Amino acid sequence: MSTLAAVYQLQILSRQSGRFPKLKISQIFGPTVQGEGSAAGRHCLFVRLFGCNQVCFWCDTPYTWAVTDETAARTRSGQRYDRDDPAYGLKPMSATEVLDELKALWDIENRPTIIVISGGEPMMQQRELVPLLEQLRAWGHEVHIETAGTIAPLPELDALVTQYNVSPKLGTSGNRLATRYKPEVLTALRDTGKAWFKFVATEDWEPDLAEVDQMVTDVALAPQRVMVMPEGSDSKTNVATAQKVVDATLERGYGLSFRTHVLLWNDDPDR
Ligand code: SF4
């Protein structure tokens, strides 16, 4: 190892050793396929962070945030989740602890893949993510961040990110406009050159697509970086909604993203 590489490694280890606050983790799992967006089908491991600044009605990971009566009432099921649940609840972990868990799933020191940092809303913990991402990039991994696009990336995080999968929320999510739509943040993500934008279309897709068109125009998003993703937590619904929306999607120059993990495994939270 060169002197420079050794110094770099020491810096990473010292940052992992506790001077940085721990990450709030919900789940670490894989290998699996990226289910959604432009990287759908690619081999990856998932690090799912706990906590979100949105309250989407149809959220498929409500266990990362619906832990009070008030937030549970905003979900489709109305179910309140246990923050201390050992499988899906909040686990404070250092970067080293996260890396150890990833090592148990995959030979991450020698076999680079994609590490998807998902949530919840990962951008709420972007400072804490830096030491973890430094090590993952040093081992050659791609780091993909999944975000609703309401928090702009800090330069120190952005330097470590390979791709942003940005999923701005529409009116059907049940979030207030001022909470879910931050054009200046979407512009900042667009300008990184690393962002793909993915919008959920429900069965009643026409108002959804009208809202997508408005955001695409407002933020001057390139249509070829935009994907429409049919909602559906089972394969039948996902395909049926895709068939409804596909022609209008293609006319606009947008792509279509199935929910690959749903087609394969329905709503299994561990895949
Ligand atoms: S932003 Fe994502 S994780 Fe947060 S509530 Fe909405 S769908 Fe769920």
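The values are calculated or read from the model by the stated rules, or taken from the named source; none is laboratory data. The structure presented is a predicted model; accordingly, all values stated were derived computationally and were not measured. Neighbour counts are summed over all protein chains in view; Cβ atoms, including those assigned to glycine, are modelled from backbone coordinates with ideal geometry. Ligands, DNA and RNA are excluded from the accessible area calculation, which covers all protein heavy atoms including side chains. Shrake-Rupley method; radii C 1.70, N 1.55, O 1.52, S 1.80 Å.
Computed values, structure above
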quantity	calculated
Subset of region 187-207 (residues that are farther than 18 Å from Thr75 by Cα and within 15 Å of the chain's Cα centre (by Cα))	Leu189, Lys194, Ala195, Trp196, Phe197, Lys198, Phe199
Failed item in (1) farther than 19 Å from Arg271 by Cα; (2) open to solvent by less than 40 Å² (accessible area, probe 1.4 Å); (3) small (Gly, Ala, Ser), with Gly140 passing the rest	(2)
Meets criteria (among the polar types (S, T, N, Q), farther than 25 Å from Pro31 by Cβ and open to solvent by less than 60 Å² (accessible area, probe 1.4 Å)) for Thr217	no
Qualifying residue in region 174-184 (condition: open to solvent by less than 10 Å² (accessible area, probe 1.4 Å), at pLDDT 95 or above and touching a helix residue (DSSP H, G or I) at 6+ places or on another chain (Cβ under 8 Å))	no
Pick from region 42-86, criterion aliphatic (A, V, I, L, M) and farther than 23 Å from Thr260 by Cα, ranking: surrounded by the fewest Cβ atoms within 10 Å (Cβ to Cβ)	Ala73
Breaking point among (1) open to solvent by 10 Å² or more (accessible area, probe 1.4 Å); (2) hydrophobic (A, V, I, L, M, F, W, C); (3) under 19 Å from the mean Cα position of the chain (by Cα), for Ile115	(1)
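So that you can scan it fast, the table gives a plain yes or no per residue for (1) touching a Gly at 6+ places or on another chain (Cβ under 9 Å); (2) outside any helix (DSSP H, G or I); (3) under 22 Å from Gln34 (Cα atoms):
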site	(1), (2), (3)
Glu206	no, no, no
Leu221	no, yes, no
Gly232	no, yes, yes
Val246	no, no, yes
His261	yes, no, yes
